[in-house]
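All remarks here apply to the structure that follows.
No lab work stands behind these numbers, since they all come straight from the coordinates. A quick note: this is a predicted structure, and the numbers were derived from the prediction, not measured. Note that each Cβ is placed from the backbone with ideal geometry, even for glycine, and that neighbours are counted across all protein chains shown.
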């Protein structure tokens, strides 16, 4: 059976999916046609159900449940992994005016945008662009501050930016849960045995990646946007963890909490009482 799959080119996704996409593990008869896209592009594609399997921001989850269920394996959750609010000038949130300061974010439906809104709902001037352009937009003066994700959390300081806030800190303090950044979803009309098979294959791919952790796969290196090896490894170590192998009860509780709070930014569509997880 052939399935379409959408993931980001970031090292955590390419690390997780390398083995199953390149014949390194038993895929139990499944074949995958993948495409690499920016996370906000994947969010928007998921809203129309374009792909069989896809990575999405958990901040967009309520908008895509009509098409998908959340798989147990392959996602990005954790402690200390929050998006960072950075600036080239301001060193404190008090230096930014909610009515006048422009904030650049990696997409309207990203978890980064949701976490920023939950912490600072009064900011009115927002612009959105792919995550890898945000640092430069702040440095160029296109925005007063920006919310960075992925590998940029390891490079912003050397580019002359300073951290104002880790947006995950308030989430962790208020909820006690890990931060649910992004998950892997599968079409909800798939039968339960197929969904379980897909989950097993993803978990097997991650286990293979961990077992061969000493050397980065070429799939990771080739799509890592000119990162050096240290940054790639830091990225993987931060975002690929026990929650990637399986959400568990705490991971699911974190996703539920984010779903509950997401309506503060994006009202949940009517008639959206869908089963969320693959059981």
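Semi-axes of the equivalent ellipsoid of the chain: what are they in whole Å, largest first, if each equals the square root of 5 times a C-alpha gyration tensor eigenvalue?
Details: eigenvalues 182, 98, 49 Å².
Computed over the chain, the values are 30, 22, 16 Å.
Using only alpha carbon pairs under 8 Å that are at least six residues apart, calculate the relative contact order of the chain and give it in whole percent. Let's see the in-between values first.
On the way: 550 pairs, mean separation 88.9, N = 279.
Computed over the chain, the figure is 32 percent.
Let me have the 222 nm mean residue ellipticity of the chain computed from DSSP H runs of 4+ only, each contributing -39500 (n - 2.57), with the sum over all residues rounded to the nearest 500.
After summing the helix terms and dividing by residue count, I get -10500 deg cm²/dmol.
Using alpha carbons only, how many degrees (0 to 90, rounded to 10) separate the axis of helix 11-21 from the longest principal axis of the chain?
Roughly 10 degrees, rounded to the nearest 10.
Normalised by the number of residues in region 84-175, what is the relative contact order in percent for Cα pairs under 8 Å and 6+ residues apart?
46 percent
For region 84-175, what class follows from the C-alpha gyration tensor (a ≥ b ≥ c being the square roots of its eigenvalues): rounded when a/c is under 1.5, otherwise prolate if a/b is larger than b/c, else oblate?
Judged from the Cα gyration tensor, region 84-175 comes out rounded (a/c under 1.5).
Sort 188, 63 so that the residue with the fewest other Cβ atoms within 10 Å of its own Cβ comes first and the one with the most comes last.
Values: 188 18, 63 21.
Going from sparsest to densest Cβ surroundings: 188, 63.
Measure nothing but the geometry: give the 0 to 90° angle between the long axis through the Cα atoms of 248-262 and the longest principal axis through the Cα atoms of the chain, rounded to 10°.
In the chain, helix 248-262 runs at an angle near 50 degrees to the longest axis.
What order do you get for 166, 222 when you list them from fewest to most C-beta neighbours inside 10 Å?
Least to most surrounded, the residues fall as 222, 166.
Give the angle, between 0 and 90 degrees and rounded to the nearest 10, that separates the Cα long axis of helix 192-211 from the longest principal axis of the Cα atoms of the chain.
70 degrees
Going by how many other beta carbons lie within 10 Å of each one, how would you line up 113, 235, 132, fewest first?
132, 235, 113
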